[in-house]
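Student: Sharing a structure here in structure tokens format.
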Amino acid sequence: MSDWPELLGAAEDVAPRLLGAVLRLGEVAVRLTEVEAYAGTADPGSHASRGPTPRTRIMFGPAGSLYCYLSYGMHVCANVVVGEEGTAAAVLLRAGEVVAGHEVVAGRRPGVAPRDQARGPALLCRTLGIGLAHGGGDLRRGPVTLETGEPPARYERGPRTGLRLAPDRPWRFWLPGEPSVSAYRRHPKAVAEPGTTRF
């Protein structure tokens, strides 16, 4: 069992607790403003929906591990593994605001407006310098670390972005009024689950 109690529970319950948490690598730190929950084998939208594979085995590990993957074969995205070990629950880190390392980020992302530096899961990883090699790391020990705090007093929720399967679960969470929150995009071939309501 993880010794990180705030990360234990169902992914959709843990996800909003991560809003406002700070993800750090080296000199750069990003305050999370948008996240998405994925429920492993109970979620057709999850990479782990069919059980453990060499790619997804990290998601079945202890809470507080970092799961990284390639999107479209080129963009690294990062997730925090949550819940009990063996459940494969994870929270995708969708967007955030740079709060430290501004000069480093300016060199990595020249000419990019502050609101857009980590606006989207791939851009968040690029801004922080997170790569596939960081996958499996312990977010308490580093090199990528997560600093959790008090859960936000207020947040909004809606359907997850860009999913073909299980697109209407309201498991995307964000801090209202934050300019770094990314735009919602529905997959053009989205398949609704029976019994779910489209938002």
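Student: Would you calculate, for the chain, the mean residue ellipticity at 222 nm contributed by helices, counting each DSSP H stretch of 4 or more residues as -39,500 (n - 2.57) and dividing by all residues, to the nearest 500? If you can, show how the numbers build up before the last one.
Tutor: Working: 3 runs with 19 residues, N = 199.
Rounded to the nearest 500, the figure is -2000 deg cm²/dmol.
Student: Could you give the length gained on full extension between Leu165 and Thr145, defined as 0.36 nm per residue of separation minus the Cα-Cα distance, in nm?
Tutor: Extra length from Leu165 to Thr145 when fully extended: 4.1 nm.
Student: Counting only the heavy atoms of the protein chains, how much of Asp116 is accessible to a 1.4 Å probe, in Å² to the nearest 10?
Tutor: Probe radius 1.4 Å; accessible area of Asp116 about 50 Å².
Student: Could you run the Karplus curve 6.51 cos²θ - 1.76 cosθ + 1.60 with θ = phi - 60° over the range 45-51 and give me ³J(HN,Hα) per residue in whole Hz, x for Gly and Pro?
Tutor: x, 8, 4, 9, 4, 9, x
Student: When you take every Cα atom in the range 130-199, what is the radius of gyration, and what is Dmax, the widest Cα pair distance, in Å?
Tutor: Calculated on Cα positions, Rg and Dmax stand at 15.9, 42 Å.
Student: Give me the percent of the accessible area of the range 136-197 that comes from carbon and sulfur atoms, probe 1.4 Å, all protein chains in place. If you can, show how the numbers build up before the last one.
Tutor: Details: 1860 of 3600 Å².
That share works out to 52 percent.
Student: What is the magnitude of the charge dipole of the range 1-131 about its Cα centre, with +1 placed on the Cβ of each Lys and Arg, -1 on the Cβ of each Asp and Glu, and no other charges, expressed in debye to the nearest 20?
Tutor: 520 debye
Student: Cα-based Rg (one decimal) and Dmax (whole number) for the range 1-123, in Å?
Tutor: 14.8, 44
Student: With the other protein chains left in place, how much accessible area per residue, in square angstrom, belongs to the range 128-170 at a 1.4 angstrom probe?
Tutor: On the way: 2280 Å² over 43 residues.
About 53 Å² of surface per residue is accessible.
Student: Sticking with this one: Expressed as a whole percentage, what fraction of the accessible surface of the range 1-89 belongs to carbon and sulfur atoms when a 1.4 Å probe is rolled over the protein heavy atoms? It would help to have the intermediate numbers written out before the result.
Tutor: On the way: 1910 of 3560 Å².
Carbon plus sulfur share of accessible area: 54 percent.
The values are calculated or read from the model by the stated rules, or taken from the named source; none is laboratory data. Keep in mind that what you see is a predicted model, and the values were worked out from it rather than measured. Heads up, the Cβs are rebuilt from the backbone with ideal geometry, glycines too, and the neighbour counts pull from every protein chain shown. SASA here: full protein model, heavy atoms, side chains in, ligands and nucleic acids out. Shrake-Rupley method; radii C 1.70, N 1.55, O 1.52, S 1.80 Å.
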